[in-house]
Structure formats: structure tokens, C-alpha cells
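See below for the structure under consideration.
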Amino acid sequence: MQREGKKVRSFEVAELAQISRSTVSRALAGDPRISKATRERVLAAAAELGYQPNLIARGLKNSTTGIIGVVVTDLNNPYHAHALQLLIEKMGLKHLAPLVFVGNTAEGAEHAIERLMSYQVDAVIALAAPFLEHVIEACLTRSKPLVLMNRYDGSEPVSAVGGDGGAAGRLVADHLVSCRARRFAFFAGEDRTGISWEREQGFSERLKELGHAIDVTISAPYTYRAAVVAAHEMLREEPDAVFCANDTLAIALMDAARSTGGQMPLIVGYDNSTFAQWPIYDLTSVDQNLDEMTTRTVEIAIAIAREPKRAPDRQMIQPSLVVRGSTSRTIK
């Protein structure tokens, strides 16, 4: 029934569905007050007519657009890329449109945030740990509802959903001690956020409780090339077991060990990325439960978009350890 050459208007959808125009708008925006039967009737009428809502025009009229801004850094990081994919999928299920901006440097992040602020978005989701201060300042100044998708302990009134890095470090310590390791190392990531430090602290505290300690700590940027260089330095210290701040560092360490032909230590990564699951690596890794984390992040974004003055909601998702071949042997 779609008409060629002429744009279908919302009142026509309302007439076909035999409901009010305002109900059509609320149904297409995913308003939970609209019943499932009514929403399905609206969607069927819209599909029959070929109706496509203009989200920007809706925002000018109703102050809501159904658009969620997303700021993300470093899409070369498998964790960030996977998280963004899940966020987009879950927003789609809620009939929301993501508007994504990427900034890999401080300057790039600032430009991305400034561009985002020029759009009328209902809320902002930030997966940009190194540049959180820029995101928080911009959103608070412009009164944009904000959800951080990483742990945040600052005093600013913003919502956040993150993983418990300390609990993850404790899980890793328990596992490596059960493998009878005696000389432990932590391969840290160089960041300004404290994320790597939190993982190291949990690891260190639990090792101490079990009568052990971290014997070696070496750091590198979260890039493969830089990590390989640092990995050779790590291997010269001859640790039995190494906990790495993310999977990129762990994979670099495994490749470095193979290139030397020496004994590979027990290795645990973080993020349970696709790379960790490849047979060539078969990497034991901490799973942050991204599915749950992204679900809760989108739910909070919707809630604060509807009620911007609601109290900040900070949630912590518990990790799990996925054990694979990189820690399958027992130290003798």
C-alpha cells in the first residue's frame, strides 16, 4: 500500500490503525505505557504504509528523539568493538537509534564529544574510560543524561555500569595457586583510569591471603606491538604464571614465548575476547559478562532519558573465569 513519490505522514498511520496520532508517536518511541497489542497494530500499519518516522523532527516537537549518543574509544580493542556491537543490537530491540562517535586520542575524544553535543540525543552512553572527565563535563554542562559503561567512583552525579576488577583478580589468584604456581607476575596495561590497577590489587590481595605475592610487574600500552616488546622483558624474569590486564597483552605474551622457544608460563587474560577462544591461543580469560553489562546500560539510558532528574544508578557486574588450555598444566 506504500505510495510512490509521496511521503507517508503519522496521521495516516493513526487512521489506518484507528488510534490517535499521539498514541502512534508513543508506540514508535517504545513507550512502556503502550500495550503490546496496540504497539503491534501501529507497527503493522506503519509497515503497510511504508512509514518511516523522522526522529529529528520528533525531537524538535516533543523534546525526545529516540536517539542515544554513544562515545567510544579504540575500536581496535576487541572488547570495545564487541561492546559497541551489543549496545547497538540492544538499542535496536528497544526501537532506539544509536548515534556513534569515536575518539582514540584526547583531542579526538574532545572533538567527538563536541560534535555529539550539537545533536538532540535523549541520553549519552560513554565507553571511553581514558577521557571520562571530558565526557562528564560536557554532559553535565549541557544537561545531557549520561551513563558510563565502566566502573566509576567519582563524586559527579552520573550513572555507571562496570565490572568488578578486584573480584576478577581474586578469581585469577585462586586459579593460578590451584595450578601450583609459585612465581607470579602481573602484566599491567598503561592507562590513566585505574582499571588495570584495580585488577592488580585484587590479584595481589588474594595472593597475599594465600601466602604468595606478585614477584614481577611490567606494564605496556594496550597495543599488540608495544606489548610484544614488554613481553620479552617479562619472560626474562621467568615467572610461573602471569595475569594480564587484557587479552591483547596476554596474546602478545604467548606469541613472544613461542618465538623464544622456551617454557611458556601459565597465562590468564581479561575480557574473554574472540581471540582468546581461537585454538591457537586457547586462552584462559576473565569474562566481564558484557551481555548483562550492555543490557543494564541501555536500560539505565532509557530510564534517565525519561526522568533526567532521577538519582544516579551505579551497578557492578560480577565477572567469571573461563578456563582454557593456557592454564591447563600443573606446575611441578
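Residues that are more than 23 Å from residue 75 (Cβ to Cβ) and aromatic (Phe, Trp, Tyr): find the helices (runs of 4 or more DSSP H) completely inside segment 192-309 holding 3 or more of those.
none
Condition test on residue 241, is it touching a residue at least 12 places away in the same chain (Cβ under 8 Å), over 21 Å from residue 281 (Cβ atoms), aliphatic (A, V, I, L, M) and in contact with a helix residue (DSSP H, G or I) (Cβ under 8 Å, 6 or more places away or on another chain)?
No.
Within segment 283-324, count every residue that is farther than 24 Å from residue 202 by Cβ and more than 19 Å from the chain's Cα centre (by Cα).
Going through segment 283-324 one residue at a time, the tally reaches 7.
For segment 165-210, what are the residues that are under 19 Å from residue 227 (Cβ atoms), among the basic types (Lys, Arg) and either surrounded by 20 or more Cβ atoms within 10 Å (Cβ to Cβ) or touching a Ser or Thr at 6+ places or on another chain (Cβ under 8 Å) (or both)?
199
Any residue in segment 245-269 that's closer than 21 Å to residue 204 by Cβ: show its pairings with residues that are among the basic types (Lys, Arg) and in a loop (DSSP other than H, G, I, E, B) at Cβ separation under 9 Å, as long as the two are six or more apart or on different chains.
Every condition considered, the pairs that remain are 265/183; 266/329.
Within segment 84-109, count every residue that is buried (at least 19 other Cβ atoms within 10 Å of the Cβ) and in a loop (DSSP other than H, G, I, E, B).
So the count comes out to 2.
Looking only at residues in segment 146-163 that are within 17 Å of residue 303 (Cβ to Cβ) and not in a strand (DSSP E or B), which one is farthest from the chain's Cα centre (by Cα)?
157
Evaluate segment 64-74: report whether one residue or more is within 20 Å of residue 145 (Cα to Cα), in the same structural domain as residue 128 (by TED's automatic domain parsing) and surrounded by fewer than 17 Cβ atoms within 10 Å (Cβ to Cβ).
Checked segment 64-74: no residue is within 20 Å of residue 145 (Cα to Cα), in the same structural domain as residue 128 (by TED's automatic domain parsing) and surrounded by fewer than 17 Cβ atoms within 10 Å (Cβ to Cβ).
Among the residues of segment 285-294, count how many are crowded, with 21+ Cβ neighbours inside 10 Å and either without any contact (Cβ under 8 Å) to a residue 60 or more places away in the chain or among the charged types (D, E, K, R) (or both).
Residues in segment 285-294 being crowded, with 21+ Cβ neighbours inside 10 Å and either without any contact (Cβ under 8 Å) to a residue 60 or more places away in the chain or among the charged types (D, E, K, R) (or both): 1 in total.
Of (1) assigned to a helix (DSSP H, G or I); (2) surrounded by fewer than 21 Cβ atoms within 10 Å (Cβ to Cβ); (3) in the same structural domain as residue 247 (by TED's automatic domain parsing), residue 136 satisfies all except one. Which?
(3)
So that you can scan it fast, the table gives a plain yes or no per residue for (1) closer than 24 Å to residue 240 by Cα; (2) crowded, with 16+ Cβ neighbours inside 10 Å; (3) not assigned by TED's automatic domain parsing to the domain that holds residue 249:
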{"position": "276", "(1), (2), (3)": "yes, yes, no"}
{"position": "279", "(1), (2), (3)": "yes, no, no"}
{"position": "283", "(1), (2), (3)": "yes, yes, no"}
{"position": "301", "(1), (2), (3)": "no, yes, yes"}
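The values are calculated or read from the model by the stated rules, or taken from the named source; none is laboratory data. Keep in mind that this is a model prediction, so the values were computed, not measured. Note: ideal-geometry Cβ built from the backbone for every residue, glycine included; neighbour counts use all protein chains shown.
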